[in-house]
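Working notes for the structure below.
The values are calculated or read from the model by the stated rules, or taken from the named source; none is laboratory data. As the structure is a computational prediction, the values presented were derived from the model and not from experiment. Here the Cβ is made from the backbone with ideal geometry for all residues, glycine too, and neighbour counts use every protein chain on show.
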Amino acid sequence: MTITNTAAIPRIICFQPKPKAKIRLFAFPHAGAGANTYRDWDLGEEVEIWALQYPGREWRRQQPAAANLADLTQDLVTSIQDNWPANLPVAFWGYSMGAIVAHSLAHTLLPLGLQPSALFLGASRAPHMLPEIDPIHLLDDDSFLEKLRYLGGMPDAVLQEPALLELALPILRNDFALLVAHREASRTVLNCPIKVYGGSRDSLANREQLAAWRRYTHSDFSLRLFNGNHFFMNTSRGQLLATLKSDLRVIYHQLPVNAEPKAESRLAVAG
């Protein structure tokens, strides 16, 4: 396990270093979750996963959660920059809220001359559709928990343990509020492939909302649907990891070392 500190507390961690890796995958957790989501992920010896840790959870739980997407992006950008490998291509994986964070960070890195070779995004509607999300963070606790049960993202162990709920609910409310409040500005459209994965019965990100990511890249775009709801990452885990591993292999086999896509300078409205 490799931990990298940007301050006294690590913002990024590699649970399973892969000396023979051919690509580095920065992994962004979903709402309410932390880096440990990816502790037991293994995509083979050619993919080294580095998980990001947001403030307000797990070993950063003593730090205040980010108030908005811009603050969260700035909190993480130095860790990404400091751990960008000189001899490997880089890809981003983000799930649900993590997809929005990954996309935002990709833009933040453009002025620094860095762009991932591909974005892999799961269970997230396109950024300009975020304001249409129901503001479930405003519900009372019982109604909020019922909605989380419906989405399938709250483990029974947490639902049945008041002490764990007391820790989890404020972070979940904060993360949902962050997403609903975000207003996507006109941005540089990325010049790297975007691969989107969704659940066939996901009420938070349906096929049309997933497909809307197409406008955010000048490069290739694809959309795959898996059997499941918003948390198909859990119910279709084996199929998802096998697909992600295969799609990553396509990326690093078609790129020579250090051949990251150039940061695109054209401006276009992504929204």
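Candidates are the residues of segment 102-123 that are of a type outside the set (Phe, Trp, Tyr), part of a strand (DSSP E or B) and in contact with a Phe, Trp or Tyr (Cβ under 6 Å, 6 or more places away or on another chain); the one that is nearest to Val180 (Cα to Cα) is Gly122.
The set of residues in segment 161-211 that are buried (at least 19 other Cβ atoms within 10 Å of the Cβ), closer than 20 Å to Ala118 by Cα and of a type in the set (A, V, I, L, M) comprises Leu190, Ile194, Val196, Leu210. Somewhere in segment 116-133, is a residue closer than 19 Å to Leu190 by Cβ, surrounded by fewer than 21 Cβ atoms within 10 Å (Cβ to Cβ), out of contact with any Lys or Arg (no Cβ under 9 Å at 6 or more places or on another chain) and free of Cβ contacts under 8 Å to residues at least 40 places away in the same chain? No, the conditions are met nowhere in segment 116-133. Scanning segment 124-144 for residues that are more than 18 Å from Gly199 (Cα to Cα) and either in a loop (DSSP other than H, G, I, E, B) or among the hydroxyl-bearing types (Ser, Thr, Tyr) (or both) turns up Asp134, Pro135, Leu139, Asp140, Ser143.
Those strands (runs of 3 or more DSSP E) of segment 1-53 in which 3 or more residues are modelled with pLDDT of 95 or more occupy 10-14, 23-28, 47-52. Taking the criterion of being more than 21 Å from Leu145 (Cα to Cα) and within 17 Å of the chain's Cα centre (by Cα), would at least one residue in segment 164-174 satisfy it? Among the residues of segment 164-174, not one is more than 21 Å from Leu145 (Cα to Cα) and within 17 Å of the chain's Cα centre (by Cα), which makes the answer no.
Answer with yes or no whether Gln81 is surrounded by fewer than 18 Cβ atoms within 10 Å (Cβ to Cβ), among the polar types (S, T, N, Q) and at pLDDT below 95. No; evaluated as a whole, the condition is false for this residue.
Among the residues of segment 64-101, the one identified as part of a strand (DSSP E or B) and of a type in the set (Ser, Thr, Tyr) is Tyr95.
Among the residues making up segment 218-246, those that are in contact (Cβ under 8 Å) with a residue 40 or more places away in the chain and under 14 Å from Leu119 (Cβ atoms) are His218, Ser219, Leu244. Set side by side, the residues Ala8, Ala86, Ala67 differ, and just one is more than 26 Å from Ala168 (Cβ to Cβ), surrounded by fewer than 14 Cβ atoms within 10 Å (Cβ to Cβ) and not polar (S, T, N, Q), which is Ala86.
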